[in-house]
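The values are calculated or read from the model by the stated rules, or taken from the named source; none is laboratory data. From a predicted model like this one, the values you see are computed outputs, not experimental measurements. We place every Cβ from the backbone using ideal geometry, glycine too, and count neighbours over all the protein chains shown. Surface accessibility is based on the protein's heavy atoms, side chains included, excluding ligands, DNA and RNA. Shrake-Rupley method; radii C 1.70, N 1.55, O 1.52, S 1.80 Å.
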Amino acid sequence: MLRIFGKGIVILLGVIVLFFVALFLAMSIFNSPTYAWRILRYGESDIGDYAIFPERVISNSESVSIIERADQGTPYEVEYPYMGEMRTEILDDVLQRTGTRAFLVIRDDKLIYETYFESSRQEINTSFSAAKSFNSALIGAAIAEGKIGSVSDPVIKYIPEIAGRGFDVLTIRDLLLMNSGIRYFSNDELPVYKHPFGDDALTYYPPDLREVALNVEASGAPIGSAFRYNNYHPLLEGMIIERATGMPVAEYLQEKIWKPMGAEFPASWSLDSDKSGFEKMESGINARAIDYARFGLIFLHNGFWNGVQILPEDWVHESTEPLRPDPRIWETAAGWHEIGGYYKYHWWGINNPDGSYDYYAHGKYNQFIYVAPRKNVVIVRLGDSLDGYVLWPFLIHDVVDKLP
């Protein structure tokens, strides 16, 4: 009996090994052995991914911009939708039970609340998709310098390799707005067994993301007819930025934003590989919470911070204000649009009853750089896990509402 049982275990282990060998070979053919290894070794992306990719350092200047402290203690109770009903809870309790690593509130340029859980001010935090808002800012900087003509420029002006494939009228603005036109299916739209071969993985783990970007396919939908969140867009934006400016994207961020804003710490941008050396445009900025807040302060002050006009005021407004009207069909994030939310140049936004609006950079695990001009507030929230029942935009919005 034991001998039969032992043989069964050996056969089962053999089947498992053969499965993973077959999967490794299939993914290697699909993209590369590096791609296959990364998926099998690391699986779902997480906050430690900055340690598994090579990086390009983003240096800070010797002069750090001052953010004064005016500690007001824990900000009160918050009210937010949770599992279909409104919940009232002490903010600290919410933060502790939701995998929050950092929560900062800046009001009138003063740091009135700063707390960390199993983390610290010095801790590195990956931006995930909040990086897209940095991409948008860099395009604005390049337009201001005359290195990019305008958001109306066709993408093929900078990336002629994709001409003649249905993208000739695709513009930079289409990329920034997440307009339809490029084929993309997220994991939410695919069965689990297809995830290793889906677009989410293909825009994250390959060792040559430029090659991935150059192989985009037309979706068949008219360009701009729908909103479809698409991680090929930031890859194309990265290629536009590096070709237009003649420097790596991380270096351009360093010179146009990181140093001028007086960052307290250096940062980095994860790369696809040492050989390719292309920034992971969709997700890969690694920085400290307080410096993410400084980026928000640039926008709060219409591009002016640390005594410098870092971004044009017109660009700040154009890139963050609501798209009114927005006639597109929302194929993804439809619920956000239905409740009055919007998306503009890689910033998500909330329309307020008085006609004002809040907007924010957002990344996986609910990384937030939230800007509320109506109260002169910037809030940064960084996390390491998902709680699908906490609707963070509304919780943070309530924090802003309750500030005096």
| task | Provide the per residue accessible area, probe 1.4 Å, for segment 249-324, rounded to a whole number of square angstrom. | result | 29 Å²
| said: Just to be sure I understand: if I project the alpha-carbon convex hull of segment 17-80 onto a plane and average over all orientations, what area do I get in nm²? | reply: 10.1 nm²
| request: Would you mind calculating the relative contact order of the chain from Cα pairs under 8 angstrom and at least 6 residues apart, reporting the percent as a whole number? | output: 23 percent
| task | With 24 Å as the limit, write out which pairs from Lys256/Lys344; Lys147/Lys375; Lys280/Lys344; Lys344/Lys375 have Cα-Cα distances beyond it, or answer none. | result | Lys147/Lys375
| message | Taking the Cα centre as origin and putting +1 on Lys and Arg beta-carbons and -1 on Asp and Glu beta-carbons, what dipole magnitude results for segment 283-381, to the nearest 20 debye? | response | 360 debye
| message | Quick check: the distance between the Cα centres of segment 153-171 and segment 363-400, to the nearest angstrom? | response | 36 Å
| query | Between rounded, prolate and oblate, where does segment 171-244 land on the alpha carbon gyration tensor, with a ≥ b ≥ c its root eigenvalues, rounded for a/c under 1.5, else prolate if a/b exceeds b/c? | reply | oblate
| query | Amide H to amide H under 5 Å from Arg87: which residues, 5+ apart in sequence or cross-chain, H placed 1.01 Å off N in plane? | reply | Tyr80, Tyr82
| query | When the Karplus curve 6.51 cos²θ - 1.76 cosθ + 1.60 is applied with θ = phi - 60°, which whole-Hz ³J(HN,Hα) does each residue of segment 396-404 get, with x for Gly and Pro? | reply | 5, 4, 5, 4, 5, 4, 7, 5, x
| message | For segment 220-338, what does the relative contact order come out to in percent, with C-alpha contacts under 8 Å and a separation of six or more? | response | 30 percent
| task | Can you list which of the chymotrypsin sites (Phe, Trp or Tyr not before Pro) found in segment 11-48 are DSSP loop residues with at most 12 other C-beta atoms within 10 Å? | result | none
| Taking N as the number of residues in the chain, what is its Cα Rg relative to 2.2 N^0.38 Å? | 1.02
| Which value, in Å² and to the nearest 10, is the accessible area of Lys402 when all protein chains are kept and the probe is 1.4 Å? | 80 Å²
| field | Around Trp347: net Lys/Arg minus Asp/Glu count, Cβ-Cβ under 13 Å | value | -1
| field | Ellipticity estimate at 222 nm from DSSP helix runs (n ≥ 4, -39,500 (n - 2.57)) divided over the chain, nearest 500 | value | -9500 deg cm²/dmol
| Out of residues 5 or more away from Trp330 or on other chains, whose amide H comes under 5 Å of its own, with H placed 1.01 Å from N in the peptide plane? | Phe227
| task | Sticking with the crude label model, points 7 Å out along Cα→Cβ, report the distance from Arg374 to Arg183 in nm, one decimal please. | result | 4.3 nm
| query | Quick one: what Rg and Dmax do you get for segment 353-393 from the alpha carbons, in Å? | reply | 11.5, 34
| task | Provide the per-residue ³J(HN,Hα) series for segment 124-139, in order, calculated from phi with Karplus coefficients 6.51, -1.76, 1.60 and θ = phi - 60°, each as a whole number of Hz, with x at glycine and proline positions. | result | 7, 10, 7, 6, 6, 6, 4, 4, 4, 5, 5, 4, 4, 4, 5, 5
| Ignoring ligands, DNA and RNA, how do Thr332, Thr203 rank by accessible area with a 1.4 Å probe, largest first? | Thr332, Thr203
| note | Going residue by residue through segment 32-40, the Karplus relation 6.51 cos²θ - 1.76 cosθ + 1.60 with θ = phi - 60° gives ³J(HN,Hα) values, rounded to whole Hz and with x marking Gly or Pro, of 6, x, 4, 4, 4, 4, 4, 5, 5
| note | Quick shape summary for segment 114-236, equivalent ellipsoid via Cα gyration tensor, semi-axes whole Å in descending order, reads 27, 22, 13
| Solvent-accessible area, 1.4 Å probe, carbon plus sulfur percent, for segment 326-404 | 60 percent
| Square roots of five times the Cα gyration tensor eigenvalues for segment 1-152, Å | 44, 29, 16
| remark: Taking a ≥ b ≥ c as the square roots of the eigenvalues of the Cα gyration tensor, with a/c under 1.5 meaning rounded and otherwise prolate when a/b exceeds b/c and oblate if not, segment 201-338 is oblate
| request: Starting from the alpha-carbon convex hull of segment 110-178, give the projected area averaged over all orientations, in nm². | output: 7.7 nm²
| query | Just the accessible area for Arg87, please: 1.4 Å probe, Å², rounded to the nearest 10? | reply | 80 Å²
| request: Between the alpha-carbon centers of segment 262-291 and segment 103-139, tell me the distance in whole angstrom. | output: 14 Å
| task | May I have the convex hull volume per residue, in Å³, for the Cα set of segment 308-400? | result | 123 Å³
| note | Between the residues His337, Ala267, Ser186, the Cα farthest towards the positive end of the dipole of the chain, that dipole coming from +1 and -1 charges on the beta-carbon of Lys, Arg, Asp and Glu, is from Ser186
| Under a point-charge model restricted to the Cβ atoms of Lys and Arg (+1) and Asp and Glu (-1), what is the dipole moment magnitude of segment 155-215 relative to its Cα centre, in debye to the nearest 20? | 160 debye
| query | Tell me, how many Å apart are the Cα centres for segment 21-91 and for segment 316-333? | reply | 25 Å
